[in-house]
Amino acid sequence: MGKVYPCLEADLSKLIHNVKEIVSICNKNNIKVTAVTKVFCAYRPIVESILQGGVSELADSRILNLKKMEDLNCKKTLLRIPMVSECYEVVRYSDMSLNSEIDTIKKLSMAAVELNKVHDILLMVDIGDLREGVLVEDAIDTVRQIITLDNINLVGLGTNVTCYGGLIPDTENLGKLIRLKHDIKNIFNLDLSIISGGNSSSLYMVINDTIPKEVNNLRIGESIVLGVETAYGELIPNCYKDAFILKSEIIELKYKPSVPNGNIGLNSFGEKPQFEDKGIRKRAIVALGKQDVRMEGLKPLDENISIFGASSDHLILDVTDSKEDLKIGDIVEFKLSYGTLLSAMTSPYIEKSYKNEEVYNYI
Ligand SMILES: *Cc1c(COP(=O)(O)O)cnc(C)c1O
């Protein structure tokens, strides 16, 4: 059997390169990188490439993915606030979890006692993005309760921004986290060893040297896979933006008008389509649709190809201006945004393949 399409191809040597660059930028600022594996569902060749790139800590939002990495001898963190119903698995499959609810931490404590393990807690503080985290004014009281619990070790504070509210991290909002660290030291004589200052949106502060010196950890996913920081969407120096490529196959190639002929009703998704009359165009249909992957965020690598639209199983492209001599059966390649990459990774209809697989020899 030949290659299977549509397929998502991960270039492992580009990924290793991105990890090395990001780790090096962060290490210069005494920041440890925790690599986030959720966007690629902890697929093994990618996880191993990332470890090869020089990180020693992994994090995922799902137990299912942490289970896949059970045999790997490195620190593992659960990123999403645990469900009470999964506390036992949390303690079993992760060394640390991000938390904001004392009732859940109590359940983690019970599970840890039962499993005879010590579980580390990173207390999440909401510094304004309004996703997870205790409010700053409630943090001290929460700490007071956490430190009484058996087999629970409060190791640090963390925050997550630019996810729900789009809040950009800066010295002022990250400063709230640092003031809390000092308060906790003064009140409880407890020296927290981890200040986790966010995700890929905090990298710009590392690059321009404004990240507070107390921040010593970042949890990085998107920057590794797409080579960009996510506060302003700028390329990280020396990183690849195209480590992941989606490939699809042309199943029809014809010259057709750009406006349908007759009365226009609703399309297959119940929307009233709009058309711009560009005259007769050379149109390619590739075997890829809304059922396979999120369409917004797909960008043809060939800049002379544009997207007309898509239905469940068909993506219609305007290839009139392409310099390539396209034929039926040819492959059209796309770059992907974060959301689209996520949807391709979790899609059972998209084959996963790897390029430069020989470059990693992690054991
Ligand atoms: C997904 C996630 C990250 C990683 O975010 P990126 O933007 O991909 O770097 C970090 N922390 C938490 C809590 C997350 O859920």
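The values are calculated or read from the model by the stated rules, or taken from the named source; none is laboratory data. As the structure is a prediction and not an experimental result, all values here were calculated from the model. For neighbour counting, all protein chains shown are included, and Cβ atoms are generated from backbone atoms with ideal geometry for every residue, glycine included.
Checking the range 102-117 against the condition returns no match, with no residue being within 13 Å of the ligand (Cβ to nearest atom) and either at pLDDT 95 or above or surrounded by 15 or more Cβ atoms within 10 Å (Cβ to Cβ) (or both).
Residues in the range 25-54 that are among the charged types (D, E, K, R) and more than 18 Å from the chain's Cα centre (by Cα): Lys28 only.
For beta carbons closer than 6 Å, sequence separation of 6+ or different chains, a first residue in the range 119-134 that is closer than 11 Å to Cys163 by Cβ and a second that is among the aromatic types (Phe, Trp, Tyr) and within 13 Å of the ligand (Cβ to nearest atom), the qualifying pairs are Asp129/Tyr164; Leu130/Tyr164; Arg131/Tyr164.
Number of residues in the range 150-167 that are in a loop (DSSP other than H, G, I, E, B) and either within 13 Å of the ligand (Cβ to nearest atom) or out of contact with any His (no Cβ under 9 Å at 6 or more places or on another chain) (or both): the value is 10. Restricting attention to the range 187-202, the residues being more than 9 Å from the ligand (Cβ to nearest atom), in contact with a helix residue (DSSP H, G or I) (Cβ under 8 Å, 6 or more places away or on another chain) and either in contact (Cβ under 8 Å) with a residue 40 or more places away in the chain or not in a strand (DSSP E or B) (or both) number 6.
The residues of the range 138-175 that are at pLDDT below 95 and of a type in the set (D, E, K, R), listed by number, are Asp170, Glu172.
Would you be able to say whether some residue in the range 74-96 is touching a Lys or Arg at 6+ places or on another chain (Cβ under 8 Å), basic (Lys, Arg) and within 14 Å of the ligand (Cβ to nearest atom)? Scanning the range 74-96, I find at least one residue that is touching a Lys or Arg at 6+ places or on another chain (Cβ under 8 Å), basic (Lys, Arg) and within 14 Å of the ligand (Cβ to nearest atom), so the answer is yes.
If you go through the range 49-63 one residue at a time, how many are more than 16 Å from the ligand (Cβ to nearest atom) and either of a type in the set (Phe, Trp, Tyr) or crowded, with 19+ Cβ neighbours inside 10 Å (or both)?
Going through the range 49-63 one residue at a time, the tally reaches 2.
If you go through the range 211-256 and keep only what is charged (D, E, K, R) and in contact (Cβ under 8 Å) with a residue 40 or more places away in the chain, you end up with Lys213, Arg219, Glu222, Lys241, Asp242, Lys247, Glu249, Glu252. Counted as qualifying within the range 1-117 are no strands (runs of 3 or more DSSP E), as none has 3 or more residues that are charged (D, E, K, R) and assigned by TED's automatic domain parsing to the domain that holds Glu214. Checked against the criterion of being in a strand (DSSP E or B) and within 14 Å of the ligand (Cβ to nearest atom), the range 168-186 has no qualifying residue. Counting the residues of the range 161-186 that are in contact (Cβ under 8 Å) with a residue 40 or more places away in the chain and either closer than 24 Å to Asp141 by Cα or of a type in the set (Asp, Glu) (or both) gives 9. Of the residues in the range 326-341, how many are of a type in the set (Ser, Thr, Tyr) and either modelled with pLDDT under 95 or in a helix (DSSP H, G or I) (or both)? Total meeting the criteria: 2. Residues of the range 257-277 include at least one that is more than 26 Å from Thr230 (Cβ to Cβ) and of a type in the set (Ser, Thr, Tyr).
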